[in-house]
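For reference, the structure discussed in these notes is given below.
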Amino acid sequence: MDATADLLKQGQKATITGLKDGVYSQKLAEMGCVPGTEIVRLYESSGGKTIAFRIDTYLLGLRKEEASQIEVFNLELDPA
């Protein structure tokens, strides 16, 4: 199933397959959002505009519009 990181449910993990071309692509790549990296959706801010992800081994908060630029695959629930 092809999707984007903003569509992940809480606790779902996936593998980053690429970034959409746009204003955020270089910024996201510099923050470690590169193909082959594991991404897990952790939680959402109370206002719902920011999502916390575990990218490889660190925590990253992204706005929904930024997360929608990250293409992911292999969605599954994180056992942790």
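For this structure, a couple of remarks:
- Residues of region 1-22 that turn out to be of a type outside the set (Gly, Ala, Ser), surrounded by fewer than 14 Cβ atoms within 10 Å (Cβ to Cβ) and within 12 Å of residue 70 (Cα to Cα), as a count: 3
- Count of region 43-70 residues which are part of a strand (DSSP E or B) and either in contact (Cβ under 8 Å) with a residue 60 or more places away in the chain or crowded, with 16+ Cβ neighbours inside 10 Å (or both): 7
- Within region 1-26, tally of residues that are over 17 Å from residue 52 (Cβ atoms) and in a helix (DSSP H, G or I): 2
- Within region 23-42, being acidic (Asp, Glu) and either in contact with a helix residue (DSSP H, G or I) (Cβ under 7 Å, 6 or more places away or on another chain) or surrounded by 15 or more Cβ atoms within 10 Å (Cβ to Cβ) (or both) holds for one residue alone: 38.
Laboratory data are not the source of any read-out in this text; all were calculated from the coordinates shown. These figures come from a predicted structure and were not determined experimentally. We place every Cβ from the backbone using ideal geometry, glycine too, and count neighbours over all the protein chains shown.
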